[in-house]
Amino acid sequence: MNLRLNCHEIVEEEKITSFEVNPFDKRHKKIWESVSKERRVAASRVAAVHVHISVTEKEAVKVLNYCREDVMNELISIGDHSQFERINAYRIMAETNGIPPVLANFSELRKYIISKGGESSVWDLVRYKPSTKTVEFRMFGTTKKIGEILQYVEACQVVLNMANISGC
């Protein structure tokens, strides 16, 4: 079949030969039908490593509140291999800068998730997933290096620790 592993976090637009959505996922089909060609192109160009860390409801709020622009930019830079081209494409697709709102408590977080249409419709680069009770960090590029992925996990754990210390 002449297939090979590709760990590039962004692909050139001209290498996209067709736009096809997973036929087994109704959510993806609905998203695909509702977005512009520019957003389809952006979504089709990117690949990322996502890190999930188990948290309590209180920790979830603290982590999201701690993840302001400076923290997010630091996390993005740790896993960036494209001079921010991938993250910029992601932001085009998501139509957001990816920074979560500041929240007073878990009730506000729950309302925020509902207002977006559910956890799978929250496009922030760090988000809480009630279904898994995890905070998901979505800003790291792909890599073949296991050690680099472990660095991503360690960076997320540092964020969790700093958020708990700062008491955000």
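Under a GNM of the chain (C-alpha, springs under 10 Å), which listed residue has the highest mean-square fluctuation: Pro101, Pro130, Pro23? Among Pro101, Pro130, Pro23, the largest mean-square fluctuation in the Gaussian network model of the chain belongs to Pro23.
Computed from Cα positions, the angle between helix 69-78 and the longest principal axis of the chain comes to roughly 50 degrees. Here the spin labels are modelled as points 7 Å beyond Cα on the Cα-Cβ line, and at Glu74 and Asn164 they lie 1.7 nm apart.
Let me have the 222 nm mean residue ellipticity of the chain computed from DSSP H runs of 4+ only, each contributing -39500 (n - 2.57), with the sum over all residues rounded to the nearest 500.
When only DSSP H runs of four or more count, the value is -14500 deg cm²/dmol.
Protection proxy ranking, highest mean first, for peptides 111-122, 8-19, 89-100: 89-100, 111-122, 8-19, where packing is the per-residue count of other beta-carbon atoms within 10 Å, averaged. Which of Lys144, Lys129, Lys26 moves the most in a Gaussian network model of the chain with Cα springs under 10 Å? Comparing Lys144, Lys129, Lys26 in a Gaussian network model of the chain, the most mobile one is Lys26. Between 0 and 90 degrees, the angle of helix 85-94 with respect to the longest Cα principal axis of the chain falls at about 80 degrees. When Cα extents along the principal axes in Å is computed from the coordinates, the matching label among [x] 51, 36, 26; [y] 58, 38, 29; [z] 43, 30, 29 is [x]. In the Gaussian network model of the chain, springs joining C-alpha atoms below 10 Å, which of Asn22, Asn88, Asn105 carries the largest mean-square fluctuation? Evaluated over the chain, the most mobile residue of the options is Asn22.
Once the Cα-Cα distance is subtracted from the 0.36 nm per residue extended length, the Ser107 to Ile53 segment shows a gain of 17.4 nm. What pairs from Lys62/Lys133; Lys37/Lys129; Lys62/Lys111 go past 18 Å between their alpha carbons? Lys37/Lys129, as the Cα separations exceed 18 Å there. Here Phe84, Phe137, Phe24 are placed in order of increasing Cβ neighbour count within 10 Å, fewest first, which gives Phe24, Phe84, Phe137. Computed from Cα atoms, the angle from the helix 106-115 axis to the main principal axis of the chain rounds to 30 degrees. Rounded to the nearest 20 debye, the dipole size of the chain about its Cα centre is 580 debye, using +1 on the Cβ of Lys and Arg and -1 on the Cβ of Asp and Glu.
Bear in mind these aren't lab numbers, they're just calculated from the coordinates by the rules spelled out. Here the structure is a predicted model, which means the values were calculated and not measured. Note: ideal-geometry Cβ built from the backbone for every residue, glycine included; neighbour counts use all protein chains shown.
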